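These notes are about the structure you will find just below.
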Amino acid sequence: MTAHAIAAIAACLSALAAIGCVRAARWTFRIHETNLLMAIITMLQDKDIRNARNHMFVLDRRDLLQWSDSDKKQADEVAMCFDTVAKLSKRAPRVWRILIDDWGSHAVRQWSIMEPLIRQYREARNLPNLWHDFEALVNQTRERWPATAPAKKT
């Protein structure tokens with residue numbers, strides 16, 4: 001075997017190894033995405049968070065001035081949960097799209113109920129970016145699914 005033939009074989013083997021590494025990296029990333037999605041679903045389906053989300057529907061019929069400290073604490077928990085899952089998923093495009101498609105309408109509905117409180121907190125605490133990833137999820141959902149924008153209250 002000549003030196004050129006050996007070099008050609010070595011180059012082919014190197015290329016095959018590189019292809020294998022790329023495939024392994026893709027599978028690793030898919031496993032990461034799956035684990036991330038499972039963690040997000042676990043957070044969103046947590047019993048306390050589900051109860052707090054359901055409580056927001058009761059608060060929808062009340063003026064913000066009528067919300068108790070307990071009501072506000074539950075709203076905090078919901079906002080923090082949606083902000084956290086949005087923060088975790090927006091750097092993984094496939095997971096971000098799944099979150100928008102499967103949970104975005106829930107986020108939009110919850111945001112529409114809590115928005116006055118969130119705006120109040122942002123101003124009172126001088127934190128203009130408080131729960132901004134939650135808001136980004138809502139805005140992206142509204143862009144992708146315009147029908148999810150809630151009707152204006154009269």
(message) Within the stretch 61-83, does at least one residue satisfy the condition of being without any contact (Cβ under 8 Å) to a residue 60 or more places away in the chain, surrounded by 14 or more Cβ atoms within 10 Å (Cβ to Cβ), out of contact with any Asp or Glu (no Cβ under 9 Å at 6 or more places or on another chain) and not in a helix (DSSP H, G or I)?
(response) yes
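Residue-wise test of (1) closer than 18 Å to Asp63 by Cα; (2) hydrophobic (A, V, I, L, M, F, W, C).
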{"residue": "Gln74", "(1), (2)": "yes, no"}
{"residue": "Ile113", "(1), (2)": "yes, yes"}
{"residue": "Arg125", "(1), (2)": "no, no"}
{"residue": "Leu137", "(1), (2)": "no, yes"}
(message) If I go through the stretch 91-106 residue by residue, how many of them are of a type in the set (A, V, I, L, M), more than 15 Å from Thr148 (Cβ to Cβ) and in contact with a Ser or Thr (Cβ under 6 Å, 6 or more places away or on another chain)?
(response) 1
(message) Among the listed residues Ala147, Ala136, identify the single one that is more than 26 Å from Ala39 (Cβ to Cβ) and without any contact (Cβ under 8 Å) to a residue 60 or more places away in the chain.
(response) Ala147
(request) Go through the stretch 91-113 and give me each residue that's buried (at least 17 other Cβ atoms within 10 Å of the Cβ), within 11 Å of the chain's Cα centre (by Cα) and without any contact (Cβ under 8 Å) to a residue 40 or more places away in the chain. (result) Ala107
(request) Among what's in the stretch 39-71 and is among the hydrophobic types (A, V, I, L, M, F, W, C) and more than 23 Å from the chain's Cα centre (by Cα), pick the residue that is farthest from Val108 (Cα to Cα). (result) Leu65
(request) Name, by its number, the condition in (1) crowded, with 19+ Cβ neighbours inside 10 Å; (2) in contact (Cβ under 8 Å) with a residue 40 or more places away in the chain that does not hold for Leu88. (result) (1)
(message) Suppose we filter Ile6, Ile19, Ile31, Ile49 for residues that are surrounded by 10 or more Cβ atoms within 10 Å (Cβ to Cβ), among the β-branched types (Val, Ile, Thr) and at pLDDT 95 or above; which single one remains?
(response) Ile49
(request) Give the stretch 84-108 a look and list any residue that's of a type outside the set (A, V, I, L, M, F, W, C) and assigned to a helix (DSSP H, G or I), or say none. (result) Thr84, Lys87, Ser89, Pro93, Arg94, Arg97, Asp101, Asp102, Gly104, Ser105, His106
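The values are calculated or read from the model by the stated rules, or taken from the named source; none is laboratory data. Everything quoted here is computed from the prediction, not taken from an experiment. Positions of Cβ are backbone-derived with ideal geometry, glycine not excepted, and every protein chain shown enters the neighbour counts.
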